[in-house]
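> Pasting a structure here, questions to come.
The values are calculated or read from the model by the stated rules, or taken from the named source; none is laboratory data. All figures in this text were calculated on a predicted structure; none of them were measured in a lab. Every residue, glycine among them, receives a Cβ derived from its backbone with ideal geometry; neighbour counts consider all protein chains shown.
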Amino acid sequence: MSAHASADTLLARSIDGLAARTLVRAAAVLLAVGLTAAAAQFTLVLPGTAVPFTLTPLVVMLTGAALGSRLGFVAQAMYLAAGAAGAPVFAPSPLLPPGPLRLIGPTGGYLMAYPIAAFVTGWLAERGWDRRYVTSFASMLAGLAIIFSGGVSWMVIGLQVAPAVAFVDGFARFILADVLKAGLAAMILPQAWKLIDDPRAHRAREGRSYRT
């Protein structure tokens, strides 16, 4: 596999031939931050735990795969920085602390794992894992494993929660729904590649390149 192919992502293929690639990459990172913040607003508070059910991990993994490892990491780091600065981007909750305190609260481990999960999902996508459903699903599961590992580990080590309680409240309550979400997300990526690799899409990109 060539160096060029190993860095091929949905974003890279979509903007191939454009003159303003740097601006488009920056806009794509900001869009990923906005999508992550929007997903965090769709929350479901579960009884007995301060960890809410959100759509954020789904967006973290999808944007990581679409942007690639480095830009995916940057997007999630910017999301955390915005939340720590006080921007209302984290999941709304009467039980969780606001601003920078959220990063050391019950959900801090999950949040801090977002950039790593995005990086790994993007790294796998750069190597073609997002082209087929099976490998796309596997990359989503890898991202989920990182997020859950960060969340449960922080509950045990940082908050001194008993391991059995952390496992139930931070993993078991959510894993089935999150695996289903990962399965749905894994369907999106191969379909996006089919659209981009359509001959009509190639001709449109060539036309934009010629005009610029």
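> Among the residues of segment 81-99, is there at least one that is at pLDDT below 95 and part of a helix (DSSP H, G or I)?
Looking for residues that are at pLDDT below 95 and part of a helix (DSSP H, G or I), one finds at least one in segment 81-99, hence yes.
> Something else now. Mind listing just one residue for me: the one in segment 8-57 that is part of a helix (DSSP H, G or I) and charged (D, E, K, R) and, of those, surrounded by the fewest Cβ atoms within 10 Å (Cβ to Cβ)?
Here the answer is Arg21.
> Tell me the residue from Gly99, Gly109, Gly183 that is crowded, with 21+ Cβ neighbours inside 10 Å and either out of contact with any Leu (no Cβ under 8 Å at 6 or more places or on another chain) or free of Cβ contacts under 8 Å to residues at least 60 places away in the same chain (or both), please.
Gly109
> Hey, does segment 10-19 have a residue that's in contact (Cβ under 8 Å) with a residue 24 or more places away in the chain, on the phi > 0 side of the Ramachandran plot and in contact with a Phe, Trp or Tyr (Cβ under 9 Å, 6 or more places away or on another chain)?
Yes - at least one qualifying residue is present in segment 10-19.
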